[in-house]
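Derivation of every value follows stated rules applied to the coordinates shown; laboratory data play no part. Note that the structure is predicted; figures quoted are calculated from it, not measured. Cβ atoms come from the backbone with ideal geometry, glycine included; neighbour counts cover every protein chain shown.
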């Protein structure tokens, strides 16, 4: 009996049913996205959670509940990028994979969303929270989108954010000895719990004019189709919201 119990405890988290829902449900609204990717791992951090895929050595998605406390805390950016010790070495990405490559280590849950204290800020620099991102994309249109989302939270929206990656079918573009996958696109889904209004964005991982951000706004249904994920699986009430074309006037800054 003891051996059986120990075996259950040692099962990889990814084999458990809805592990984010079971272990850190505070980061999702009506259930974590349901993925078709099996060779993977779920990770709960202090301020966000990850579904990490072994084939690309990047997250399929990261979920977070963005609060004013998370944005306006005292912690400053640390830049202590490092491998995630919660992931077995054979599945990790390393700093050396990014060295000398024409890509940023792009955050999925940005450092500026993790300012409550130094420990939380430091956790946002695990490489499990990074993807190879084109610099002009990461520091331009993507940064602008992250800023808008923080402003929405400050304005009083109760924001849940899901951020993730899309890969071309062959996933052949990689960097480093560990073959870290370079996503063809990155995406975000944002829902305001107070109003049940949602908006999605799918942005190709290439230089894009910042002024064009609103052109990449889309329905959550379209993000589901592009990613194969099922968002908000525990709620029927969100189905209409997910298919509704976002009204940009309801999301300040977008035109």
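Laid out as a table, the results:
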quantity	calculated
Choice from 100, 73, 164 showing the highest fluctuation, given a GNM over the chain with Cα pairs closer than 10 Å	100
Pair residue 254, residue 144: separation of 7 Å Cα→Cβ label points (nm)	1.4 nm
Ratio Rg/Rh, restricted to segment 51-133 and using Cα atoms, in which Rh is the Kirkwood radius	0.97
Peptides 202-210, 82-90, 112-120, 181-189 ordered by average Cβ neighbours within 10 Å, highest first	181-189, 112-120, 202-210, 82-90
Extension gain from residue 89 to residue 179, taking 0.36 nm per residue of separation minus the Cα-Cα distance	31.1 nm
Tensor-based shape of segment 102-165 (alpha-carbon gyration tensor, a/c under 1.5 rounded, otherwise prolate or oblate)	oblate
Rg(Cα) / (2.2 N^0.38 Å) computed for the chain, rounded to two decimals	0.98
Distance (nanometres) between label positions extended 7 Å along Cα→Cβ at residue 158 and residue 240	1.9 nm
